[in-house]
1. Using the Cα atoms of the stretch 138-252 to build a convex hull, what is its mean projected area in square nanometres?
2. What length, rounded to one decimal in nm, is gained on full extension from Phe183 through to Ser281, with 0.36 nm per residue of separation minus their alpha-carbon distance?
3. Do the sum for the chain: with -39,500 (n - 2.57) for every DSSP H run of n ≥ 4, divided by all residues, what is the mean residue ellipticity at 222 nm, to the nearest 500 deg cm²/dmol?
4. Put a dot 7 Å past each Cα toward the Cβ at Gln212 and Ala310; how far apart are the dots in nm?
5. Multiply the residue gap between Thr48 and Cys6 by 0.36 nm, knock off their C-alpha separation, and tell me the result in nm, one decimal place.
6. Note down the magnitude of the dipole of the stretch 192-311 about its Cα centre, charges +1 on Lys and Arg C-beta and -1 on Asp and Glu C-beta and zero elsewhere, to the nearest 20 debye.
7. For Tyr223 paired with Arg155, estimate the spin-label separation in nm (one decimal), with each label point 7 Å from Cα along the Cα-to-Cβ line.
8. With +1 assigned to the C-beta of every Lys and Arg and -1 to the C-beta of every Asp and Glu, and no other charges, what is the dipole magnitude of the stretch 182-232 about the Cα centre in debye, to the nearest 20?
Amino acid sequence: MESSCCAVPERISLNYHLFHRAKAPNDLRHLILDISRAAKYISYEIQTSESGLAGGTNSSGEKQLKLDVLSDDIFRQHLCESELVSCYSSEEQEEIIELADNAPYSVVFDPLDGSSLVDVNFAIGSIVGIYAGDSIIGRKPSEQSAALYVVYGPRTILVYSTGKGVHEFILNDVGEFVLLREFIGIGDDAKNYSPGNLPALSDNEKYKAVVQGWLDRELKLRYSGCMASDIHHIFAKGQGVFTNVGGSKYPEGKLRLVFECGPFAYLMEQAGGKASDGTQSILDKEITDLHQRTPIIIGSKNEVESVCAALS
Ligand code: F6P
């Protein structure tokens, strides 16, 4: 029995799942629900906005915000109204933003990952990490209390973990996130690969050899250019490897520890996969700067380990 007063519903909502299955503390449950509400508004804006990345004017002559700025505002509004967030850091902002005094959580997010793909109508996403307490600098991604991402594609999908497995929800027609799959697992071997920062191949011989190895072994290329969608591909198929490693232009690769790599490392390890910067776990890297970049090799354990060995 999951509840003394209600029968187990036919459709498991995000709220029900957080409460009965993940047994998340109430504050954390409410915060994740508030974030999921922000995602619904972002999903709506992506579907209905007539402007792309650059913003513009709609058919009535009204000025529209760029979608990434708009998404940042939507997050801010929902985090602020929750009264559960003492501070947050967004990929769109230089500094930490203080919100409610003595509130239990700090939140980090990329409100619209892959926003340059809006114009080509590819799937894009939001990525979120939640830390207990009122600080972000000096923390490690292993300290996250929860992480989640949303993919806005033909369907809007939300995937979360509070440290008790990784669970996937779909936004239905009445605006509710309902359970699709629980306890997503990642197999140890990869059949698909997603190689980011490919210009680095021109001056990183080891990375070039890794990619050549995937071609030789006839792994399948699955890469869209949006980290959230590309990593969701790994969660959806239960295997794969995603990389973004350095070359001379971006010595640490292109991705950010705080907003992108940290939350995905937490989710991937919860699902039985692995996330490394080549020498250490992403989860153990200390946050020293909000916008610090890190190389990342993430996905099926055996493939991540063999890529790290080849890069070292
Ligand atoms: O950080 C933004 C982002 O679009 C990620 O979502 C994506 O993985 C990466 O940049 C793409 O990098 P590249 O252009 O090197 O493939």
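1. On the way: hull surface 37.0 nm².
The orientation-averaged projected area of the Cα hull of the stretch 138-252 comes to 9.2 nm².
2. Values: separation 98, 0.36 × 98 = 35.28 nm, distance 2.19 nm.
Result: 33.1 nm gained on full extension.
3. -8500 deg cm²/dmol
4. Here the answer is 1.0 nm between the modelled labels.
5. Numbers: separation 42, 0.36 × 42 = 15.12 nm, distance 3.68 nm.
That pair, Thr48 and Cys6, stretches by 11.4 nm at full extension.
6. For the stretch 192-311, the charge dipole is close to 280 debye.
7. Each label point is offset 7 Å from its Cα along the Cβ direction, giving 2.7 nm.
8. With only Lys, Arg, Asp and Glu charged at Cβ, the dipole is about 140 debye.
The values are calculated or read from the model by the stated rules, or taken from the named source; none is laboratory data. Computed from a predicted structure; not experimentally measured. Cβ: placed from backbone, ideal geometry, glycine included. Neighbour counts: every protein chain shown. SASA here: full protein model, heavy atoms, side chains in, ligands and nucleic acids out. Shrake-Rupley method; radii C 1.70, N 1.55, O 1.52, S 1.80 Å.
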